[in-house]
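Read the figures in this text as sums done on the coordinates, not as results from a lab. Since the model is a prediction, treat every value here as computed from it, not as a measurement. Cβ placement follows ideal geometry from the backbone for every residue including glycine, while neighbour counts extend to all protein chains displayed.
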Amino acid sequence: MVVAVEGLRKSYRVGGRALPVLHGASLRIERGEFVAIMGASGSGKSTLLSILGLLESYDAGRYTLAGHDTRSLTEERAARLRNALLGFVFQSFHLLSHKTAWENVALPLAYAGVDRAERRRRALSLLARLGLAARAGHRPDELSGGQRQRVAIARALANNPPVILADEPTGNLDSKTSAEVMQLFREIHAKGRTIVLVTHEPAVAASADRVILVRDGRVVRGDASGETVQSP
Amino acid sequence: MIDLLTEVFEGVARHRMRAAATAFGVFWGILMLVVLLGGGRGLRNGLDKLFADTATNSAWINVGRTSMGFEGLGPGRQLTMTIDDVEAVARAVPELQNVAPRHSAPSGLTFTHGTRNGAFPTYGIYPGYAVVERTQVLRGRLINDLDVARARRVVILGVRVAQTLFGASEAVGKTVEIGGVPFLVVGVFTDAGGEGELRRVFMPYTALAQTFDARRQVNLMTATLRPGASPERATAHLRRLFARRKRFDPNDRGAVDVWFAEQEYRKFVALMRGIDLAVIVVGLGTLVSGMVGISNIMFVSVRERTAEFGLRRALGATPSTVMAMVLSEAVALAFGAGGLGLLVGVGLVEAARRAELRSDYFRDPSIDLRTALTALGVLVATAVVAGYFPAREAARLNPNEALRSS
Ligand SMILES: Nc1ncnc2c1ncn2[C@@H]1O[C@H](COP(=O)(O)OP(=O)(O)OP(=O)(O)O)[C@@H](O)[C@H]1O
Ligand SMILES: [Mg+2]
């Protein structure tokens, strides 16, 4: 089991008041699974994914990531775990605009302590695998949306992490480009990586092995592997 | 290291105008500081030289032109001094000692010894003059009272004069002809005042008057202040004495000119204090404005890059990595701009020294490299302080919120 979440609670502080978002969410994800998280807007999907990504703390419950209890992690330790275990793909790409495609891809390698020549070599080979060899020296504003998201996916793969977390990765793409990006996710999954992907679109969720449904801060369906769930 | 520099460069480059303004401020501050330090050193060198070869208690007395009418005499009268005035001052001004005349021989007198000859500034003096001028005997002796009393035809030669006329052989005891009149060389001297003063010749005032017809005239009077006496009192005394003897208004400031080295030295010391103060003010100003400027630009830069810091954290940057990144941007800004200011400033000071930009009051400006590097070090340390708060802000960002900020 790579992700084990039990009774997770989370409130945000908004204007001095607590806004509860997760009310005891539980779920389990096996190594190598491809899981889609679905649910209404505001139901807490992104919050859940941020907690899974160690980007956000939680108030109560248990979350174990690849055997690491995440309750009392220091920020330094969390950063190292993110670097080694997790790859992130965002709806808005989050590429650094002043860096070229390959430099963006190489960023996680820099934080892993890989030297520059090796970083460049690995970034270029990743981009080539994703059909972007010709774009390696371009800056994000010289790329199309689909190309930008593929650069971001290459970056998520750079450190070869076992788990990829993606929050609406096709949210800013047209349907044809979405289909291409999802094809890419399926290939990545086929190579053995665990993928957790938040989406609104049933067509996107159809690529997953399993769909987890979140409603009002709770996982209401598909919370453990083995359950058979149809797309809602 | 190269990575860090690239990151730093990219971070700073995104705010070109703002960064340029901040950098220019730091550059200019350091430049001014260096120029001020160098110039101050030049002034100190110049004035030190000026005071080095005269006794600190020396007084220089001269008469000028009257500027006020007095007892029917019109203004604009050129006054002159005679040897009687020297004697009167020696008698009647108790604050002064070693009162002496210094009178120039007619210019163009030729000195001859064998086949060698030359022309040198030549003065008639009393022994007291050597005290004021800090003349140092190398060989033989100085002019003494008996030489003056008997109007002996003796001279003492500056060391360069002796070299010109006698080469390597001993000058003392030899005779030199001055304008055709034989004088006995009784001494060879040196002086801290530099080359010019080593080309001078001194003889008893009385011998000069008799031989070259000075008609009792005196160009310049010198003296030393009696220990503990007040230079202000001495000046007042001298003014009254001269006013009575030369018949001018005692309030006529231009008629007699009295210059006490000590008083001037005190003014010089006060001036140097002023310059030191200016250096401190400019230095502190540079530090404070540099600190504020750098802190400001780093805050702006951190706030604009919130999403970037969120992303970097997601990719594995630790809070301390982020902190180091922002701090090095601040330091790079200070070091780059300050270093350039230092370089240009040192270049200017060095150019001024090479160009031998000098006057009586200014020579050999220089900047002590240690001081300059200390200034730069302090600036960089300031940048660390200035960068600390923006860096801490960046390091404390919640990565999830930072990512949502774009
Ligand atoms: N950092 C935050 N601070 C305060 N409130 C937040 C924060 N993040 C999310 N929220 C609130 O928490 C609730 C859940 O947000 P979340 O982004 O997790 O929902 P979601 O399921 O991802 O929605 P969507 O499908 O629209 O992306 C919302 O009401 C949102 O406004
Ligand atoms: Mg969301």
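B:Ala270 versus A:Arg71, label points 7 Å from Cα toward the beta carbon: distance in nm?
7.7 nm
Ranked by Cβ crowding within 10 angstrom, fewest neighbours first, how are A:Lys99, A:Lys191, A:Lys10 ordered?
The most exposed by this proxy come first: A:Lys191, A:Lys99, A:Lys10.
Under a point spin-label approximation (7 Å from Cα along Cα-to-Cβ), what is the B:Ala88-B:Asp145 distance to one decimal in nm?
2.4 nm
For chain B, state the semi-axes of the equivalent ellipsoid (square roots of 5 times the eigenvalues of the alpha-carbon gyration tensor), sorted largest first and rounded to whole angstrom.
69, 26, 15
Consider just the alpha-carbon atoms of the stretch B:58-261 and return their Rg together with their Dmax, both in angstrom.
Cα radius of gyration and Dmax of the stretch B:58-261 are 18.2, 60 Å respectively.
If contacts are Cα pairs under 8 angstrom and at least 6 residues apart, what is the relative contact order of the stretch B:58-261 in percent? Before the final figure, lay out the partial values.
Working: 439 pairs, mean separation 71.9, N = 204.
Over the stretch B:58-261, the number comes to 35 percent.
Restricting to Cα pairs below 8 Å that are 6+ residues apart, what does the relative contact order work out to for the stretch A:1-125? Please round to a whole percent. Numbers along the way, then the final one.
Details: 140 pairs, mean separation 27.9, N = 125.
It rounds to 22 percent for the stretch A:1-125.
List the GluC sites (Glu not before Pro) in the stretch B:18-125 that DSSP assigns to loop (not H, G, I, E or B) and whose Cβ has at most 11 other Cβ atoms within 10 Å. Which are they?
When the GluC sites (Glu not before Pro) of the stretch B:18-125 are filtered for loop state and at most 11 Cβ neighbours within 10 Å, B:Glu71 remain.
In Å and whole numbers, how far do the C-alpha atoms of the stretch B:12-137 stretch along each principal axis, longest first?
81, 57, 31
Relative to the first principal axis of the alpha-carbon coordinates of chain A, what is the inclination of helix A:175-190, with its axis defined by its Cα atoms, in degrees from 0 to 90 and to the nearest 10?
Rounded to the nearest ten degrees, it is 80.
Got a sec? How would B:Phe212, B:Phe242 order by Cβ neighbour count within 10 Å, fewest to most?
By the 10 Å Cβ count, ascending, the order reads B:Phe212, B:Phe242.
Kirkwood hydrodynamic radius for chain A: how many Å is it when counted over pairs of different Cα atoms?
Its Kirkwood hydrodynamic radius stands at 18.1 Å.
Evaluate the distance, in nm, between pseudo-label points positioned 7 Å from the Cα of A:Ala134 and of A:Asn160 along their respective Cα→Cβ axes.
My value for the distance between the label points is 3.0 nm.
Just to confirm a number: summing +1 for Lys and Arg and -1 for Asp and Glu over residues other than A:Asp141 whose beta-carbon lies under 13 angstrom from that of A:Asp141, what do you get?
+3
Sort A:Lys45, B:Lys174 so that the residue with the fewest other Cβ atoms within 10 Å of its own Cβ comes first and the one with the most comes last.
The most exposed by this proxy come first: B:Lys174, A:Lys45.
With angles folded into 0 to 90 degrees, how steeply does helix B:261-304 sit against the dominant principal axis of chain B? Use alpha carbons for both and round to 10.
Taking Cα atoms only, the helix is inclined about 10 degrees.
222 nm [θ] for chain A, helices only, -39500 (n - 2.57) per DSSP H run of 4+, per residue, to 500?
Helix-only estimate at 222 nm: -10000 deg cm²/dmol.
When the Debye formula is applied to the Cα atoms of the stretch B:262-406, each taken as the same point scatterer, what base-10 log of I(q)/I(0) results at q = 0.09, 0.20 Å⁻¹?
-0.44, -1.14
Residue separation times 0.36 nm, minus the C-alpha to C-alpha distance between B:Ala351 and B:Glu170: what's the value?
Working it through step by step, the gained length comes to 60.9 nm.
Evaluate 2.2 N^0.38 Å with N set to the residue count of the protein assembly as shown, then give the Cα radius of gyration divided by it.
1.75
Expressed in whole Å with the largest first, what are the equivalent ellipsoid semi-axes of the stretch A:32-76 derived from the C-alpha gyration tensor as the square root of 5 times each eigenvalue?
21, 14, 9
Using the alpha-carbon atoms, what tilt in degrees (0 to 90, nearest 10) does helix A:101-111 show relative to the longest principal axis of chain A?
Compared with the principal axis, the helix lies near 60 degrees.
As an exercise, use a Förster radius of 60 Å and the Cβ-Cβ distance of B:Gln163 and B:Met17 to find the FRET efficiency, rounded to the nearest 0.05. Before the final figure, lay out each step's value.
Values: r = 65 Å, r/R0 = 1.09.
For B:Gln163 and B:Met17, the calculated efficiency is 0.35.
Largest first and to the nearest Å, give the Cα extent of the stretch A:102-180 along each principal axis.
Taking the Cα atoms of the stretch A:102-180, the three principal extents are 38, 28, 19 Å.
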